[in-house]
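What follows is one structure encoded as structure tokens, with my remarks underneath.
The values are calculated or read from the model by the stated rules, or taken from the named source; none is laboratory data. Predicted, not measured: the structure shown is a model, and the values here were computed from it. When we count neighbours, we look across all protein chains shown, and the Cβ atoms used for this are built from the backbone with ideal geometry, even at glycine. In case anyone asks, the SASA skips ligands and DNA or RNA and just uses the protein heavy atoms, side chains included. Shrake-Rupley method; radii C 1.70, N 1.55, O 1.52, S 1.80 Å.
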Amino acid sequence: MYWTLELASKLEDAPWPATKDELIDFAIRSGAPLEVIENLQEIEDEGEMYECIEEIWTDYPSKDDFFFNEEEY
């Protein structure tokens with residue numbers, strides 16, 4: 001399983017919180033790349049709910065990780 005910013009961004013509009021099956025369904029319906037669906041299928045799942053993408057890909061950067069000052073613009 002591998003994630004990139006581009007792949008993970010396909011789940012930003014997912015209906016959080018969601019189960020693994022709900023995320024797979026969302027990815028299919030939204031036309032996400034096959035890699036996103038494969039990554040979701042590889043998650044070892046015990047029926048738990050995921051609150052956000054960070055719970056699936058722990059290295060997902062937050063807005064704080066970027067050094068862009070929104071107040072300047």
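Residues in the range 3-17 that are modelled with pLDDT of 90 or more, of a type outside the set (A, V, I, L, M) and surrounded by 17 or more Cβ atoms within 10 Å (Cβ to Cβ): LYS10 alone.
Being at pLDDT 95 or above, closer than 19 Å to ASP59 by Cβ and either part of a loop (DSSP other than H, G, I, E, B) or open to solvent by 30 Å² or more (accessible area, probe 1.4 Å) (or both): is that true of GLU35 here? Give the derivation first.
Numbers: at pLDDT 95 or above: yes; closer than 19 Å to ASP59 by Cβ: yes; either part of a loop (DSSP other than H, G, I, E, B) or open to solvent by 30 Å² or more (accessible area, probe 1.4 Å) (or both): yes.
For GLU35, the condition - at pLDDT 95 or above, closer than 19 Å to ASP59 by Cβ and either part of a loop (DSSP other than H, G, I, E, B) or open to solvent by 30 Å² or more (accessible area, probe 1.4 Å) (or both) - is met.
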